[in-house]
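Heads up: the structure comes next, in structure tokens.
The values are calculated or read from the model by the stated rules, or taken from the named source; none is laboratory data. Model, not experiment: these values are computed from the prediction. Here the Cβ positions follow ideal geometry from the backbone for every residue, glycine too, while neighbour counts run over all protein chains shown.
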Amino acid sequence: MGVQQSALPTGKLILAAAALSILCVTCLLLRSLLAAGVFLCLAFTFAGATLAVADRRQHSNDLGVLIDQGALVAGEPLELTGVLEQQPEAAPGSFYLILRVEDLKTNSTSRPVVGMVSLLLPVSDELAAAAFNRLELRYGTRLRALATLRREETFRNPGGSSFKEYLDRRGLAASGLIKSPFLIQRLDDQNVWRPLAWLYDWLQRLQQEFSKGAFKCRAFGK
């Protein structure tokens, strides 16, 4: 008789598999091979059901899968809540944010999700730059932002790898856009591994000093 995957919660399935495994070992110690074989088969059955339930739950909340299945429309504004996995990466007139998404909201519906996204944040003028600096975003910052996501390329060279393959290689569920720092709400800071946080801070200061030096050289024609 098979075990229906939705009949028991995952915790009870794990306990059942563990209990059957203990019974199997006990029967082996008592040299009851037939009973041990029965308990072993049942333990494998419950263990398989546990893995199937966990896999189904993971995919039901996977951000990339939701986009691929059409549950989320590419380009539709989404409210994302998550934690920055690294320092904001500076680019000309913008920053890139790598966000580990924990929750998303569409219209009035909110749901927990799992997945990493790369978000482009334009900082095109002094007002936007000041707003970005006030946010004090860093590795481990939890934030809420209004963004759009995509997994499909708008154009691909013939024979080139797909945008989805590129995202998958980087461990990303999607890329996206936050149109302005004013669309970001800073929530709190998550506990992070301090040595990595110190390294990010040191690299950021080094980059700032390099940018100042480059600006002075251009200003004085050196």
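For the range 184-204, filtered to residues that are modelled with pLDDT of 85 or more and of a type outside the set (A, V, I, L, M, F, W, C), the residue that is surrounded by the fewest Cβ atoms within 10 Å (Cβ to Cβ) is Asp188.
For Val73, the conditions (1) modelled with pLDDT under 85; (2) farther than 23 Å from Asp168 by Cβ are fulfilled apart from (2). Would it be correct to say that Arg134 is more than 19 Å from Leu172 (Cβ to Cβ) and either touching a residue at least 60 places away in the same chain (Cβ under 8 Å) or part of a strand (DSSP E or B) (or both)? Criteria not met by Arg134.
Okay, residues lined up against (1) surrounded by fewer than 18 Cβ atoms within 10 Å (Cβ to Cβ); (2) modelled with pLDDT of 95 or more:
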site: Tyr96; (1), (2): yes, yes
site: Val101; (1), (2): no, yes
site: Asn107; (1), (2): yes, no
site: Arg111; (1), (2): yes, no
site: Val117; (1), (2): no, yes
site: Leu120; (1), (2): yes, yes
site: Asp125; (1), (2): yes, no
site: Leu137; (1), (2): no, no
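When Pro88, Pro181 are checked against the criterion of being surrounded by 13 or more Cβ atoms within 10 Å (Cβ to Cβ), over 19 Å from Leu66 (Cβ atoms), within 21 Å of the chain's Cα centre (by Cα) and at pLDDT below 95, Pro88 stands alone in meeting it. Within the range 146-162, one or more residues are touching a Leu at 6+ places or on another chain (Cβ under 8 Å), surrounded by 13 or more Cβ atoms within 10 Å (Cβ to Cβ) and basic (Lys, Arg).
Filtering the range 60-76 to residues that are under 20 Å from Ile184 (Cβ atoms) and exposed (fewer than 15 other Cβ atoms within 10 Å of the Cβ) leaves Gly75, Glu76.
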